[in-house]
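The values are calculated or read from the model by the stated rules, or taken from the named source; none is laboratory data. What you see is a predicted model; the values in this text were computed from it and never measured. All Cβ positions, glycine included, derive from the backbone under ideal geometry; neighbour counts span all protein chains shown. Surface areas here come from the heavy atoms of the whole protein model, side chains and all, with no ligands, DNA or RNA. Shrake-Rupley method; radii C 1.70, N 1.55, O 1.52, S 1.80 Å.
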Amino acid sequence: MELLCWCTLLLSYVQFLSAHNDFFTSIGQMTDLLYTEKDLVTSLKDYIKAEENKLEQVKRWADKLDSLTSTAMQDPEGFLGHPVNAFKLMKRLNTEWSDLESLVLSDTTDGFISNLTIQRQHFPSDEDQTGAAKALLRLQDTYRLDANTISTGDLPGVTHKSQMTVEDCYELGKIAYSEADYYHTELWMAQALKQLDQGEESTLDAVTVLDYLSYAIYQQGEIQRALDYTKRLLELDPEHQRAKGNLKYFEFQLEKQKKAEEEEAEKQKERGKRETSEKKKKPKKPSFSLIPERKKYEMLCRGEGNKLTPRRQSRLFCRYYDNNHSPALVLAPVKQQDEWDRPYIVRYLDIISEDEMKRVKQLAKPRLRRATVHDPLTGKLTTAQYRVSKSAWLTGDDDPMIDVINQRIEDVTGLEMDTAEELQVANYGVGGQYEPHFDFGRKDEPDAFKELGTGNRIATWLFYMSDVPAGGATVFPDVGAAVWPQKGTAVFWYNLFASGEGDYSTRHAACPVLVGNKWVSNKWIHERGQEWRRPCSLNETD
């Protein structure tokens, strides 16, 4: 009877999980995996009670997982807001639970095996595990974190500190290696080796790690270092055939390289063109406007980059705003705060209540699907690696509260909402981001919003429905602006000038979430219906 109830409970989870995939792209939906994993641990402990004398190894595993999930369940979204926790959840459910199944497969009639086999059909996939791993690498690059900082869990704003094992570091290195990303392969294999050298117990041996490490270093052109690690490998395993071959090859390449350098030095000497270090000029630091967009984007995400001059800063104010005595705001004006001058970006404080945010998330969560982008070649919506999040669309038919929120946006902006797009709710995943893009359709995309029949996107309204302890800023790389998430606020800007021309300075991006769980909702407001609310101008840049 107990087994029957347990199976019924599991089947209800199966029906829910089967509707979702790409778990790593939404922290909100990943919390459901914690509930699933917690139930699996409970089932596993029941199994251990029956088979305790022959499954002591499995019992130690269950105790470790029980402690971990108990901590996680106190604050599921906060726990998964730490990217290492999210990566390790993907790894456990995709790889380690499978290994455990093999260990106890000798007794397939047991309830735990049956339950686990059923559940595994709906566990995260290799794509999820790889996606979470790539997110960690992306965070490492964007926020200039060394492997040891991530491995020890010493990230800013962390409340659920989690450390990575040798196996975790090795797994990240292997995923980078499979992508021919030898830079990150080296970083994470070196970290795995460091933790082994420090005495961490592991099923992995140094020989395996050194094999990957030396090859990754060689691929980056550092033959001497590759040779040094190969020699260390051979000290541990003198009969390692690949290492023996590599040793000879690296020595040959070093000798060849040395001769080439000597010949080049001789040629330079003959021509009299050798320069002393004193004559070399120190390169000038490029101005922010000349830095490539990718670098500007990452600098702004780290809180670096262009800043407003004191004169421009002095022109930014905060105020109570009633939109020219709008009837809805005369008695209850909203708090408006200038964030940037060109383009003009404002923030509204306390513009959405806690209950409203809770309800919007509640409505959106079961509908979240992988966020898409417009493919300029096909004109169709498609997923992209540069947008890692899940989104859902809400209307007044879903809940009258959505109409109330839409009306508030209309009252504050003075713009018509009947022609605007539905309220989009987005939840970012592990290292969730949206790289630089425009919200409006450019001249080379004349059919971008043709199917809507409401013209171009004239303005963007963006609610922040969670605080983000680290990362997750909205940045404008062309002008050096950065707007940081603040729960209960919204930012607003115009994408088009009053003439209808696109404002290219509004190109913006959502920085990777380093720590935390980022929820936003946005309203894209269109041109049609605004004719009397925002009159057209003959000046192209007005």
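Quick notes on this one:
- Taken over segment 53-89, residues that are open to solvent by less than 50 Å² (accessible area, probe 1.4 Å), assigned to a helix (DSSP H, G or I) and in contact (Cβ under 8 Å) with a residue 60 or more places away in the chain amount to 10.
- When segment 403-437 is filtered for residues that are under 25 Å from Pro512 (Cβ atoms) and open to solvent by 40 Å² or more (accessible area, probe 1.4 Å), only Glu435 remains.
- Those residues of segment 212-239 which are part of a helix (DSSP H, G or I), open to solvent by 50 Å² or more (accessible area, probe 1.4 Å), closer than 20 Å to Lys256 by Cα and without any contact (Cβ under 8 Å) to a residue 24 or more places away in the chain, in sequence order: Arg225, Asp228, Tyr229, Lys231
- Leu254 touching a residue at least 24 places away in the same chain (Cβ under 8 Å), assigned to a helix (DSSP H, G or I), open to solvent by less than 50 Å² (accessible area, probe 1.4 Å) and over 18 Å from Ala147 (Cα atoms): yes
- Close pairs from segment 144-172: first over 10 Å from Val84 (Cβ atoms), partner assigned to a loop (DSSP other than H, G, I, E, B) and not hydrophobic (A, V, I, L, M, F, W, C), Cβ under 6 Å, at least 6 apart: Gly157/Pro469; Val166/Glu200; Val166/Ser202
- Elements of type helices (runs of 4 or more DSSP H) contained in segment 107-177, each with 1 or more residues being at pLDDT 95 or above: 126-142, 147-152
- Any chance Ala190 is assigned to a helix (DSSP H, G or I), within 30 Å of Val515 (Cα to Cα) and at pLDDT 95 or above: yes
- The residues of segment 90-103 that are among the hydrophobic types (A, V, I, L, M, F, W, C) and touching an Asp or Glu at 6+ places or on another chain (Cβ under 7 Å), listed by number, are Met90, Leu93.
- Entirely in segment 451-498, the strands (runs of 3 or more DSSP E) that have 1 or more residues that are of a type in the set (D, E, K, R): 457-464
- Scanning segment 188-208 for residues that are buried (at least 20 other Cβ atoms within 10 Å of the Cβ), within 19 Å of Lys91 (Cα to Cα) and among the aliphatic types (A, V, I, L, M) yields Met189, Ala192.
- Among all residues of segment 469-492, there is none that is farther than 26 Å from Ala72 by Cα, touching a Gly at 6+ places or on another chain (Cβ under 6 Å), of a type in the set (A, V, I, L, M, F, W, C) and open to solvent by less than 20 Å² (accessible area, probe 1.4 Å).
- In segment 1-48, the qualifying residues are those that are under 23 Å from Ala86 (Cβ atoms), part of a helix (DSSP H, G or I) and modelled with pLDDT under 65, and the one that is least open to solvent (accessible area, probe 1.4 Å) is Leu17.
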